[in-house]
1. Under the rule a/c < 1.5 gives rounded, and otherwise a/b versus b/c splits prolate from oblate, where does the stretch 1-126 land using the Cα gyration tensor?
2. List the lysines whose Cα lies under 24 Å from the Cα of Lys267, skipping any in the same chain that are fewer than 8 positions away.
3. Given points 7 Å out from each Cα along the Cα-Cβ axis, report the Ser44 to Arg147 separation in nanometres with one decimal.
4. Using Cα atoms only, what is the angle between the long axis of helix 2-15 and the major principal axis of the chain, expressed in degrees (0 to 90) to the nearest 10?
5. For Val236, enumerate residues with amide H under 5 Å from its amide H, sequence gap 5+ or separate chain, H modeled in the peptide plane.
6. With springs only between Cα atoms under 10 Å, which of Arg179, Arg147, Arg294 fluctuates most in a Gaussian network model of the chain?
7. Which lysines, if any, have their Cα less than 23 Å from the Cα of Lys34, not counting same-chain residues under 8 positions apart?
8. At a 10 angstrom cut-off on C-beta neighbours, averaged per residue, how do the peptides 224-236, 14-26, 133-145 rank from highest to lowest?
Amino acid sequence: MLYHLLLQTVKTQQSAGVSPGQPHLLQYHLDDVKQVEKAVNDLSQAAIGGSLYVIADEVVSEYRINNFHTLCDKLVTEIHGLHLWAASCFHGDAPANWQVEYLTRPLRSPPSVVREVKQDEIITRRRHVHPYSERGVPDHTDGPPVRRLYHRGQGHSGDSPLDCVTCGRVVASFLHSLRVGVTESGRAKSTTLTSTSDSIPPCVQWRDVLVLDWYDDSNNPGIVTGLQEAGIPVRVMKDDDIEEVATARSDVVWVADGRRVRGLERKVVVCLTDPDFVSFRSFLFRRPARNSARLDLMSRCTSQLVIVCPDH
């Protein structure tokens with residue numbers, strides 16, 4: 001997403017007769033030492049004869065922190081014209097002697113969503129993430145109330161909402177009640193969603209909706225069947241779809257693994273995971289948990305948050 005925003009800026013400047021250079025999107029698996037070496041070599045070659053500007057987004061996780069420090073140390077040593085910015089929602093992980101700024105104002109989500117996210121134990125108990133500070137600007141509205149649906153009762157099946165056709169139908173009914181996908185002529189009637197910054201309710205399209213879970217790849221989970229039966233255009237995100245999802249090029253509802261959409265924003269987010277979910281992997285390997293439904297999934301929401309709670 002950041003790459004495409006930079007690309008748009010460059011094109012705008014070029015049309016005005018300015019030649020600012022060209023952004024390049026490079027992706028590495030920093031949990032692999034060989035990939036770290038490749039990144040250093042690639043960037044060193046790019047910096048020959050000039051300056052290098054690197055923006056590294058969401059770089060630190062429980063698996064990558066040591067390798068990222070190694071990457072930074074090597075780049076600082078080998079590249080004299082280096083300008084490097086790195087972002088992470090976790091604090092306390094910056095390499096030594098780096099200038100650090102903490103950006104904690106909740107400017108993405110309305111207060112109704114912020115109250116849900118700030119309950120995350122990674123913020124409250126484990127303290128891997130700094131708590132929110134005051135917004136600093138007026139809240140025109142509280143935002144739509146968080147809506148809770150439940151994976152229980154007659155017709156529900158499967159171990160989780162993701163596997164349940166009935167949950168798909170229930171979610172579809174709620175999305176239709178928001179008038180998602182209405183034409184421009186129906187915009188004045190689309191009054192369900194209000195944000196904290198807009199006096200006019202935004203028109204919500206299918207591309208404005210993300211359905212998120214932590215799950216292994218599945219070609220056709222039950223919830224997708226339920227959404228399709230209700231006439232909602234929906235696709236399950238695969239690795240090859242990352243660019244299309246980031247740019248919201250297709251007007252469809254994407255069902256995605258929450259780990260793949262960190263940093264993206266959508267007006268409507270449907271969370272299919274227990275709000276108090278903490279990564280089971282961290283329990284198995286006795287690592288401090290750095291994945292959770294509130295922090296990683298619900299914080300993507302800029303207006304209407306829907307939580308489909310598992311039956312337990």
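The values are calculated or read from the model by the stated rules, or taken from the named source; none is laboratory data. Only a predicted model underlies this, so the values are computations on that prediction, with no experimental measurement involved. As a convention, Cβ positions derive from the backbone with ideal geometry for all residues, glycine included, and neighbour counts pool all protein chains shown. Surface areas here come from the heavy atoms of the whole protein model, side chains and all, with no ligands, DNA or RNA. Shrake-Rupley method; radii C 1.70, N 1.55, O 1.52, S 1.80 Å.
1. It is oblate, given that a/c is not under 1.5 and a/b is not larger than b/c.
2. Lys118, Lys189, Lys238
3. With each label point 7 Å from Cα toward Cβ, the separation is 5.5 nm.
4. Helix 2-15 and the main axis of the chain meet at about 70 degrees.
5. It is Val255, by chain and number.
6. Arg147
7. Correct list for Lys34: Lys74.
8. The densest-packed peptide leads the list: 224-236, 133-145, 14-26.
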